[in-house]
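In what follows, a single structure is set out as structure tokens and then discussed.
The values are calculated or read from the model by the stated rules, or taken from the named source; none is laboratory data. Bear in mind that the values here come from a model prediction, so they are computed numbers and not experimental data. Neighbour counts run over all protein chains shown; Cβ positions are idealised from the backbone, glycine included.
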Amino acid sequence: MTRRTIIGIIFIVAALLKLADMWGIVHLNMEQPWTMYFGPILLLYIGCELVIYSFKKNPSQWLQRPLPLGEDGKRICCYARFGADEYIYKGETFHGARLDAFCGGLRLDLSDAVITEDEEIDIHTFLGGVELMVPDKVNVVVNSHSFIGGVGNETVACPDKDAHCIHITASNFFGGVSVKQ
């Protein structure tokens, strides 16, 4: 991890501690007026910006890992906690995925994947992000449930009526998903 990533995580933890203090979970004695609402929002914003910028600036932080197959032997299950992982399909058949990013990031590259039928991707983020690259010959349908986050779908609809569809269901809490072709 770079120094910028570590500083970003420290800012995020400070904001979460302040929120816990506001909710009465811990008692930190931080009673200045500016720390009531502005402090946590500012700390979360700066922390997330530092972490995201760090991973964009230094892509070598992304660890390329083998595809983690789930219990059914087909669908992959990927989890990133306080770090970043990258999974790349190179000619393998894709059978859906579950992606979880907790204070970290995931990149799933399906550009060269073989998609033989409509597939589903479940994405859950908490203070993290997911970058998803899909092939040109598929359509993408997004269903998003986000709280201070969202899904950016930058794909173009495939004009082929027989094109398969990737259904993305995303739940984001202070996180986001980017879908690209």
Scan region 73-121 for residues that are acidic (Asp, Glu) and within 11 Å of the chain's Cα centre (by Cα) and jot them down. Asp85, Asp100
Take the residues in region 69-107 that are under 20 Å from Val13 (Cα atoms) and aliphatic (A, V, I, L, M), then tell me which one is modelled with the lowest pLDDT. Ala84
For region 143-157, how many residues are in a strand (DSSP E or B) and buried (at least 16 other Cβ atoms within 10 Å of the Cβ)? 4
Contacts under 9 angstrom Cβ, first residue in region 89-109 being outside the structural domain of His124 (by TED's automatic domain parsing), partner modelled with pLDDT of 85 or more, 6 or more apart: none
Only one of (1) out of contact with any His (no Cβ under 8 Å at 6 or more places or on another chain); (2) buried (at least 17 other Cβ atoms within 10 Å of the Cβ); (3) part of a strand (DSSP E or B) does not apply to Pro135, and that is (3)
Name the pairs: first residue in region 123-145 and not assigned by TED's automatic domain parsing to the domain that holds Lys90, second residue at pLDDT below 90 and crowded, with 18+ Cβ neighbours inside 10 Å, Cβ to Cβ under 6 Å, at least 6 apart or on different chains? none
